[in-house]
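Each value in this text was obtained by applying a stated rule to the coordinates, not by laboratory testing. Worth saying up front: this structure is predicted, and the values here are computed from it rather than measured. Here the Cβ positions follow ideal geometry from the backbone for every residue, glycine too, while neighbour counts run over all protein chains shown.
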Amino acid sequence: MTIRAVVKGVGHFLPERVVPNVEFEKSLDTTDEWIKSRSGIERRHFAAPGENTSHLATKAALAALADAGLTGEDIDAIILATSTPDFTFPSAATMVQDAIGNTKGFAFDVQAVCAGFVFAMANADALIMSGQAKRVLVIGAETFSRIMDWSDRSTCVLFGDGAGAIVLEATDGDGTTADRGILSTDLNSDGRYRDLLYVDGGVATQNTGVLRMEGKEVFRHAVEKLAQTAHTALDKVGLGADDVDWVVPHQANIRIIQSTAKKLGIGMDRVVVTVQDHGNTSAASIPLALSVGKARGQIKTGDLVVTEAIGGGLAWGSVVLRW
Ligand code: UT7
């Protein structure tokens, strides 16, 4: 018998304000057509003033708990993947812990930028497998609109705000890939590439800073590394592309999503795509896509799902799970 971390609930939250591409035409030398054709993005949500990452995360967490038929007090651990916490400390996860009425568990943030949710899921899996937690709330939440350089057309049109969450619960499995739950994980980072995607502020500068990206270079690494990590995670448990029901990729750019699917030998009819509606929401993009994919009727109980993501660090990875 094996313990598996099984998805018991999923939910998401998007701020009310929707910003279509045309809004950027007013202030920047850009067009709806350029943004759509180069990234696949048509609109994104931006948080209201005073609406912070922990607020979005709390709403997504409550939606996932409701889906699981649980309350905050039923949770042993809360892991929040974010690069845009409300404050330097305490963790945004502890703010969510308080907001959902959890006092008996422990909470912490994971910071692996756009790969954050994959890293958080792998951590949650390890906590469950080691017996340290039975139920883990895993959240991805971001307010990237707070770290944009609004004069840089090559970055500010790409990102959005939002949050998604899942509840993972320890469940007995028989140790085969027919089990529901997380089946394998693959995590990577390479700090030699840290200058390709970073924020130019923080504790060192005593200001928040704004996002800087060498888009073309990140694109090149993404196409190469995403297919590689998904293959590695599938290989670990003897599965292949034909076994996959859904790829749920990080939603940064439709061209990266298409190239990765092609490299994996998986048709776009088996890929959950939300980039057109959310833009790049960094660590929130995979749980948002999981929640939307389930709500659309795409992801069903028993489906084999592969998530993969890459972002600043560079950090990248993949999780294979049976829904
Ligand atoms: O989530 C973390 C991972 N991040 C990513 O995966 C992002 C990876 N990178 C990308 O998605 C793409 O590289 C971008 C969407 C950022 C850019 O697409 P691209 O096809 O690589 O364009 P480019 O950077 O090569 O720029 C092409 C042209 C340039 O003009 P010149 O030098 O050819 O005259 C840019 O200045 O497009 C120009 N450009 C724009 N034009 C209109 C850049 N941004 C814009 C814009 N509107 N918003």
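For segment 2-173, the alpha-carbon radius of gyration amounts to 1.12 times the rule-of-thumb value 2.2 N^0.38 Å expected for a compact globular protein. Note the full-extension length gain between SER151 and ALA204 as 0.36 nm times their separation in residues minus their Cα-Cα distance, in nm to one decimal. Full extension of this stretch gives 16.7 nm more.
All Cα-Cα separations within segment 148-245 were binned at 10 Å from zero, giving a P(r) of 11, 27, 30, 21, 10, 0, each value a whole percent of the pairs. Pairwise Cα distances in the chain exceed 28 Å in 34 percent of cases. Helical runs assigned H by DSSP (4 residues or longer) give the chain a calculated mean residue ellipticity at 222 nm of -9500 deg cm²/dmol, each run adding -39500 (n - 2.57) before division by the residue total.
Across segment 165-171, rounded Karplus estimates of 3J(HN,Hα) from the backbone phi angles (6.51 cos²θ - 1.76 cosθ + 1.60, θ = phi - 60°) give 8, 10, 10, 9, 10, 4, 9 Hz, Gly and Pro being marked x. Taking GluC sites (Glu not before Pro) as exposed when their DSSP state is a loop state and no more than 15 other Cβ atoms lie within 10 Å, the longest site-free interval of the chain runs over 17-213.
Over 31 Å between Cα atoms: which of LYS134/LYS263; LYS216/LYS300; LYS59/LYS216; LYS26/LYS225; LYS236/LYS294; LYS8/LYS36 fall into that group? Cα-Cα > 31 Å for LYS134/LYS263; LYS216/LYS300; LYS59/LYS216; LYS26/LYS225; LYS8/LYS36; rest within.
Taken about its Cα centre, the chain carries a charge dipole of roughly 280 debye when the Cβ of each Lys and Arg holds +1 and the Cβ of each Asp and Glu holds -1. Between GLY202, GLY105, GLY162, the GNM of the chain built on Cα springs shorter than 10 angstrom shows GLY202 fluctuating the most.
Shown for LEU196, LEU321, LEU65: other C-beta atoms within 10 Å of each C-beta, ranked fewest to most, produce the order LEU196, LEU65, LEU321. When segment 181-322 is described by a simple charge dipole with +1 on each Lys and Arg Cβ and -1 on each Asp and Glu Cβ, the residue from LEU304, VAL319, VAL292 located farthest towards its positive end is VAL292. Under a Gaussian network description of the chain, with springs only between Cα atoms under 10 Å, the residue in LYS59, LYS225, LYS216 that fluctuates furthest is LYS216. DSSP finds beta bridges in segment 10-164, and of those with both partners inside it, around 50 percent are antiparallel. The aspartates and glutamates within cross-link reach of LYS104, meaning a Cα-to-Cα straight distance under 17 Å and a gap of 8 or more places when in the same chain, are GLU73, ASP74, ASP76, GLU169. How big is the antiparallel share of DSSP beta bridges in the chain, given as a percent to the nearest 5? Counting DSSP beta bridges with both partners in the chain, the antiparallel share is about 75 percent. Close amide H contacts of PHE159 (hydrogens built in the peptide plane, cut-off under 5 Å, sequence separation of 5 or more or a different chain): ASN280. In terms of other Cβ atoms within 10 Å, VAL18, VAL272 run from fewest to most in the order VAL18, VAL272.
In this structure, the amide hydrogen of ALA81, modeled 1.01 Å from its nitrogen in the peptide plane, lies closer than 5 angstrom to those of VAL110, ILE139, GLY140, ALA141, counting only residues at least 5 positions away or on a different chain. Loop-resident trypsin sites (Lys or Arg not before Pro) (DSSP state other than H, G, I, E or B) in segment 1-43 with no more than 14 further Cβ atoms inside 10 Å of their Cβ: LYS26. Legend: ranking of residues LYS236, LYS104 from fewest to most surrounding C-beta atoms inside 10 Å; resulting order LYS104, LYS236.
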